[in-house]
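A.B. asks: After the C-alpha cells below, expect a handful of questions from me.
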Amino acid sequence: MYPNLYYAFKDLFGLEWPVLRFVNSFGFFVAIAFLTAAAVLTQELKRKSGQGLFTPTETTILVGEKASWADLLTNFILGFLLGFKVVALFFLDEETMQDPQAFIFSGQGSPAAGVLLGLFFAAVKWWEKNKEKLAKPEKRLIRIWPQDRVGEITMLALVFGLAGAKLFDIFENWSSFLQNPAAYIFSPAGLTMYGGLICAAIAIGVYARKHKIGFFALADAVAPALMLAYGIGRIGCHVAGDGDWGIMSDLASKPSFLPDWAWSYQYPHNVLEEGVPIAGCVGPFCNQLPAGAFPTPLYEAVACIVLFGVLWGVRKRIKITGQMFSLYLILNGLERFAIEKIRVNIKMDLLGFHPTQAELIATSLMVLGLVLFIWKGRRVAALAK
C-alpha cells in the first residue's frame, strides 16, 4: 500500500522524491474524485439547462476598477502561506521529511519564500486589474447559469463534506476522540462518508435556495457525480489503507475466479500503522494486518463505479424531477448496507439490536429514497389529471 505518493513513485517507478511524502494518497484520490465529479455535474447541468429545467439569474458587477488594497492584501496573504509552507518543502532535512503532518501543522517554514511569493501574487493581481482598468468603471448586467456555479458547488461539497465526515466519525468514536482530541481532529484518517454526504447536502441545499436553483432538479444532476466521486474516493481508501477494511477473511472460501488479494489482504504499509511489524522494513508505515481482511474499499469502489454507469445510463429516461435522486439514495443505501456485513465498524446497542451507524443511515436513505420516488410519481400523476 502507499500511504503517500512517495511510496507509490518509489515502488512503481523507482523514483525517490522526498517532497512527495506531503501528498497523501487518500487526499490525491479525493482531489481526482472532486474534479471528475465537477466535470460530470457540469455536463449534466448543461443538458438540463437545455431542457429548460434551469433558468439563469441576473446580477450586476462593476468592471474597470483598479486593484483595491483588500485585493492586494488577500493575494499577498495567499502567496505568503503557499511560499512559507510549499516552497519550504524543497529545503527540509531528511528527519523532518519523515513526519510531513508534523511539519504542516507546525510553525516551521520559509519566511523569505513567503514574502517573495506573496509579493508576486499581489503584483499579478495588480497587473490583471490594471490591464482591465477603465477611465470610468461601469456596471454590467450578467446572466449566470447553474453550470457556471459548479466551482462554488464543488468547494461547498469539499469543505462541508470533509467537515461533516470528520464530525460524524468523532461521534462514532467518541471515547477515542476524548483521549486525544487534537490528534484525532487533524488526523487524515477517520472520515465517515455519510456525515460528509449529509452536511454537504444541507450546505448545497441552502446555496441552491439562495440562488433560486430548484433543489430536486439540482439533486438529480448531482446524483451520478456523487456516486462516481464516492467510488473514486474509495480507491484512495484502499490504496492508503486508512482503516476501512473488512473483517478477517478465509482464503479457503475464496471463489476460484478471484485472485488472493481480492479476497484476503493484509494492507502492508497502511497509513494508520496498524497491525504487526513488517520484517525488514525500516521507518514509518512498516506495519500490516496480522491476517488477511476483506478489501471492502475495493469492493465499494467497483460497486459504485458500476452504479454510476447505471445512473448515467438511465438519467435521460427518468422524466419526473426528484426521482433520479431518489434512485441514487436507494442504490447508495443498498450498497453500503450490504458492505457493512463484512466491514469492520463500531456496533451500537439499540433496543436489543446491534447495527452500525452506517447501517442505520443506509436504511434511512433507502426508505427515504423509496418514499420520495413514490411521492414524486403520484404528485405528477395527480397534477396531470
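Read the figures in this text as sums done on the coordinates, not as results from a lab. This structure is a prediction, so every number in the text was calculated from the model and none was measured. Please note: Cβ atoms are built from the backbone with ideal geometry, for glycine as well, and neighbour counts cover all protein chains shown.
A.B. asks: Could you please report the charge total around ILE339, scoring K, R as +1 and D, E as -1 over all other residues with beta-carbon less than 12 angstrom from its beta-carbon? Walk me through the numbers before you get to the answer.
C.D. replies: On the way: positive: ARG234, ARG336, LYS341, ARG343; negative: ASP244, GLU300, GLU335, GLU340, GLU359.
Residues near ILE339 contribute -1 overall.
A.B. asks: I would also like to ask the following. Based on other C-beta atoms within 10 Å, arrange MET193, MET348, MET366 from fewest to most.
C.D. replies: Values: MET193 22, MET348 13, MET366 18.
Lowest count first: MET348, MET366, MET193.
A.B. asks: Then there is this: Efficiency by 1/(1 + (r/R0)^6): what FRET value for GLU274 and LEU119, r their Cβ-Cβ distance, R0 = 51 Å, to the nearest 0.05?
C.D. replies: Numbers: r = 45 Å, r/R0 = 0.89.
Computed FRET efficiency for GLU274 and LEU119 comes out at 0.65.
A.B. asks: Another question about this same structure. Net charge near ALA219, counting Lys/Arg +1 and Asp/Glu -1 over other residues with Cβ under 12 Å of its Cβ? Show your work: numbers first, answer last.
C.D. replies: Details: positive: LYS48, LYS376; negative: GLU44, ASP220.
That works out to 0.
A.B. asks: State the answer as a single residue: which of TYR299, GLY322, PRO277 lies farthest towards the positive end of the charge dipole of region 273-343, with beta carbon charges of +1 for Lys and Arg and -1 for Asp and Glu, about the Cα centre.
C.D. replies: Going by the Cα projections, it comes out as GLY322.
A.B. asks: Can you compute 3J(HN,Hα) from phi for each residue in region 300-312, using the Karplus curve 6.51 cos²θ - 1.76 cosθ + 1.60 with θ = phi - 60°, rounded to whole Hz and x for Gly and Pro?
C.D. replies: 5, 4, 5, 4, 6, 5, 5, 5, 4, x, 5, 4, 5
A.B. asks: Calculate one ³J(HN,Hα) per residue across region 149-160 by plugging θ = phi - 60° into the Karplus curve 6.51 cos²θ - 1.76 cosθ + 1.60, and present them in order as whole Hz with x for glycine and proline.
C.D. replies: 3J(HN,Hα) across region 149-160, in whole Hz: 9, 4, x, 5, 5, 5, 5, 4, 4, 5, 5, 6.
A.B. asks: Under 13 Å from the Cα of LYS376, which aspartates and glutamates turn up, not counting those fewer than eight places away in the same chain?
C.D. replies: ASP220
A.B. asks: Amide H of ARG343 versus every other amide H placed in the peptide plane: which residues, excluding those fewer than 5 positions away on the same chain, fall under 5 Å?
C.D. replies: Hits under the 5 Å cutoff: ILE247.
A.B. asks: Cross-link partners among lysines for LYS125, C-alpha distance below 23 Å, same-chain residues fewer than 8 apart left out?
C.D. replies: Correct list for LYS125: LYS66, LYS85, LYS133, LYS136, LYS139.
A.B. asks: Please list 3J(HN,Hα) in residue order for region 251-261, calculated via the Karplus relation 6.51 cos²θ - 1.76 cosθ + 1.60 where θ = phi - 60°; whole Hz, with x for glycine and proline.
C.D. replies: Values, residue by residue: 4, 5, 9, 5, x, 5, 7, 9, x, 4, 5 Hz.
A.B. asks: Are there cysteines in the chain with no second cysteine's Cβ under 4.7 Å away, and if so, which?
C.D. replies: Here CYS199, CYS237, CYS304 come out as lacking a disulfide-compatible partner, given the Cβ-Cβ threshold of under 4.7 Å.
A.B. asks: Follow-up question, since we're still on this one. How about LYS212: which lysines have a C-alpha closer than 20 Å to its C-alpha, ignoring those fewer than 8 places off in the same chain?
C.D. replies: Within reach: LYS46, LYS48.
A.B. asks: Starting from 0.36 nm per residue, how many nanometres of slack lie between LEU134 and GLN51 once their C-alpha separation is accounted for? Can you show the working numbers first?
C.D. replies: Working: separation 83, 0.36 × 83 = 29.88 nm, distance 3.84 nm.
My answer for the length gained is 26.0 nm.
A.B. asks: Quick one: MET227, MET1, fewest Cβ neighbours within 10 Å first, how do they rank? Don't skip to the answer; put the middle values down first.
C.D. replies: Working: MET227 25, MET1 20.
So the residues, fewest neighbours to most, are MET1, MET227.
A.B. asks: Want the number for TRP261 to ARG379: 0.36 nm per residue separation, take away the alpha-carbon distance, what's left?
C.D. replies: Numbers: separation 118, 0.36 × 118 = 42.48 nm, distance 4.89 nm.
Length difference between fully extended and current span is 37.6 nm.
A.B. asks: Using only DSSP helix segments of four residues or longer, with each worth -39500 (n - 2.57), what per-residue ellipticity at 222 nm results for the chain after dividing by its residue count and rounding to 500?
C.D. replies: Working: 14 runs with 225 residues, N = 385.
Helix contribution divided over all residues of the chain: -19500 deg cm²/dmol.
A.B. asks: If neighbour count is taken as other Cβ atoms inside 10 Å, put HIS354, HIS238, HIS269, HIS211 in order from fewest to most.
C.D. replies: On the way: HIS354 9, HIS238 23, HIS269 20, HIS211 15.
The fewest-first ordering by Cβ neighbours comes to HIS354, HIS211, HIS269, HIS238.
A.B. asks: Can you give the FRET efficiency for VAL19 and VAL159, using 1/(1 + (r/R0)^6), R0 = 25 Å, r = Cβ-Cβ distance, to the nearest 0.05?
C.D. replies: Details: r = 26 Å, r/R0 = 1.03.
My answer for the efficiency is 0.45.
A.B. asks: From the list [x] 28.5; [y] 25.5; [z] 22.9, can you say which value of mean projected area of the Cα convex hull in nm² was derived from the structure given?
C.D. replies: [y]
A.B. asks: Moving on to the next point. With label points built 7 Å along Cα→Cβ from the Cα atoms of ILE247 and ILE77, find their separation and express it in nm.
C.D. replies: Calculated label separation equals 5.1 nm.
A.B. asks: For the chain, what relative contact order do you get, as a whole percent, if you take Cα pairs closer than 8 Å and at least 6 residues apart?
C.D. replies: Values: 585 pairs, mean separation 67.1, N = 385.
So the answer I get is 17 percent.
A.B. asks: What number comes out for the charge environment of TYR207, summing +1 per Lys or Arg and -1 per Asp or Glu over other residues with Cβ under 10 Å away?
C.D. replies: Here the charged neighbours net out to +2.
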